[in-house]
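Participant: After the C-alpha cells below, expect a handful of questions from me.
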Amino acid sequence: VLTFPTRKYTFAELGGSLMPGSYPIASTPDPGLVELASGVSMPVEYINSSTFTVRWTFDGSSPETSPSATEGAEFSDGYPGDAITVSLAHFGTNTDFTVQAAAVSQNPAIATTSPIASETISIKPTQLPPPLYKFDDISGEVTLALDVDSGKIPVGATIYYSTDGTDPGIGTDNQPASGTLYSAPFHPSSNITVKARVYPPVANNQFFIVSDLLDEDVILPDSELYIGGRFFLGSGAAISHRNIARILENGTVDPTFNPGSGAEAGSTVADVLRVSSGGVLAAGNFQSMSGVAQPALIRFDANGAIDTAFNAGLK
C-alpha cells in the first residue's frame, strides 16, 4: 500500500530555492510510505528480506523488473514500511509522475510477487506576483523589482518589460514571447507605457504561473512653467503680452508661447493649468484675450494661440 501526505506539491514544498528574503522558507516534504496491506496472512517468521523485498519506481516502470527501481531496507520478523521521499528531480520537465511499488518474491516456494500499488504525484502551480513598480517624479527614473516578500519568487526569476505598450506575453516554457530583460532602473526620454511580467526560471518552470501584467503609464515631470498675474512684457521683451507667459528652465520667457497682446489692461490672470493635450487653461477677471472676447476662462494651444473652439460661456 502506498500513502502520501499529499499528492500535489508546490515548488517550495519540494525544497525549491526561493529568493533571499522570501517566506515561507523552502523545506523538505514529509515522505510517503509503502507498507503491507492490512490482513496479509503470512506467518511473521516468513516476513523478511529472504522471502520478499519491497521495491518502487518513480518513472512508471515495473518495480519488479526495472533496473532503476529503489529497494527498501532489509527487514525481519515483520515489515516496518519504507519512507518514500518526493523531490523536484522526480518531475523532470513534467507536471506529474507515477510511483509504483510491489513486494517482490525472493522465494517463490513461500510467496508470490504482490500486485503493483501506484500513486500519481502532481505539482501545485504557484502564481507569481507581478513586478513592483516605482517612478521617481523628480528624477524621472523607473524602477521594477521582484516582490520577494510574497514568499513566491524562485531563485532565477526574471522580469521582462516593454515601453511601447506591448505585452511581453507568454511563450514556450513559461518564458517571455517578447520584451526586454530588466536589469537596472532606466530613464525614459518621453512619456511611455511600461508593461511587464515576472517569469520563472527555465528549470522547473512548470511549477509556476507567469505573473499578471503590470501596466503603468509613465508621465515625465513637466519642465514647463506657466505664470499668470498682472504684469506686462513690453519694452525689450521678445514678445509683448500681458498677464500670462511661459517660462523656460533658465528663467527667461519662452518666445514660442505667444498669446498675442494678452489680457486687457487692469485685469488679472489668477490661475493657469496645463492640460494633458499640451494646451493651457487660464482663468481670471479678464473679459478678453488678445482682442478675443472670452470672459473669465480661456484655452490656449501649446504655441499660445487661442483655441476659439473652446467657449465656457461665462460672463
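The values are calculated or read from the model by the stated rules, or taken from the named source; none is laboratory data. Everything numeric in this text was worked out from a predicted model, so none of it was measured. When we count neighbours, we look across all protein chains shown, and the Cβ atoms used for this are built from the backbone with ideal geometry, even at glycine. Remember, those area values only see protein heavy atoms, side chains included, never the ligands or the DNA or RNA. Shrake-Rupley method; radii C 1.70, N 1.55, O 1.52, S 1.80 Å.
Participant: Among (1) assigned to a loop (DSSP other than H, G, I, E, B); (2) over 47 Å from the mean Cα position of the chain (by Cα); (3) at pLDDT 90 or above, which single condition is LYS315 missing?
Facilitator: (3)
Participant: Of all the residues that make up segment 109-144, how many are basic (Lys, Arg) and either part of a strand (DSSP E or B) or buried (at least 18 other Cβ atoms within 10 Å of the Cβ) (or both)?
Facilitator: 1
Participant: Can you confirm whether segment 69-87 contains a residue that is closer than 24 Å to VAL155 by Cα, open to solvent by 30 Å² or more (accessible area, probe 1.4 Å) and of a type outside the set (Val, Ile, Thr)? Reasoning before the result, please.
Facilitator: To start, the set of residues in segment 69-87 that are closer than 24 Å to VAL155 by Cα comprises 85-87.
Within this subset, residues satisfying the condition of being open to solvent by 30 Å² or more (accessible area, probe 1.4 Å) are 85, 87.
Within this subset, residues satisfying the condition of being of a type outside the set (Val, Ile, Thr) are 87.
So far as segment 69-87 goes, yes, one or more of its residues are closer than 24 Å to VAL155 by Cα, open to solvent by 30 Å² or more (accessible area, probe 1.4 Å) and of a type outside the set (Val, Ile, Thr).
Participant: Could you look through segment 14-36, keep only residues that are modelled with pLDDT of 85 or more and within 30 Å of SER114 (Cβ to Cβ), and pick out the one that is surrounded by the most Cβ atoms within 10 Å (Cβ to Cβ)?
Facilitator: Of segment 14-36, the ones modelled with pLDDT of 85 or more are 14-19, 31-36.
Narrowing the set further to residues that are within 30 Å of SER114 (Cβ to Cβ) leaves 14, 31-36.
Details: LEU14: 23, PRO31: 13, GLY32: 21, LEU33: 14, VAL34: 25, GLU35: 16, LEU36: 17.
Per the stated criteria, the residue is VAL34.
Participant: Follow-up question, since we're still on this one. Among the numbered criteria (1) within 30 Å of MET289 (Cβ to Cβ); (2) open to solvent by 60 Å² or more (accessible area, probe 1.4 Å), which one does LEU233 miss?
Facilitator: Among (1) within 30 Å of MET289 (Cβ to Cβ); (2) open to solvent by 60 Å² or more (accessible area, probe 1.4 Å), LEU233 violates only (2).
Participant: Any idea how many residues of segment 145-194 are in a loop (DSSP other than H, G, I, E, B), modelled with pLDDT under 95 and small (Gly, Ala, Ser)?
Facilitator: So the answer is 4.
Participant: Next question. Would you be able to say whether some residue in segment 195-202 is farther than 27 Å from ARG299 by Cβ, in contact with a helix residue (DSSP H, G or I) (Cβ under 6 Å, 6 or more places away or on another chain) and open to solvent by 40 Å² or more (accessible area, probe 1.4 Å)?
Facilitator: Looking for residues that are farther than 27 Å from ARG299 by Cβ, in contact with a helix residue (DSSP H, G or I) (Cβ under 6 Å, 6 or more places away or on another chain) and open to solvent by 40 Å² or more (accessible area, probe 1.4 Å), one finds at least one in segment 195-202, hence yes.
Participant: What's the number of the condition ASN94 fails, among (1) under 17 Å from SER118 (Cα atoms); (2) surrounded by fewer than 16 Cβ atoms within 10 Å (Cβ to Cβ); (3) at pLDDT 95 or above?
Facilitator: Just one mismatch for ASN94, condition (1).
Participant: Quick one: which residue in SER61, SER66 is of a type in the set (S, T, N, Q), touching an Asp or Glu at 6+ places or on another chain (Cβ under 8 Å), part of a loop (DSSP other than H, G, I, E, B) and at pLDDT 90 or above?
Facilitator: Numbers: SER61 fails: touching an Asp or Glu at 6+ places or on another chain (Cβ under 8 Å).
Every option except SER66 fails the conditions.
Participant: For segment 251-297: of the residues being part of a loop (DSSP other than H, G, I, E, B) and at positive phi, which is surrounded by the fewest Cβ atoms within 10 Å (Cβ to Cβ)?
Facilitator: GLY251
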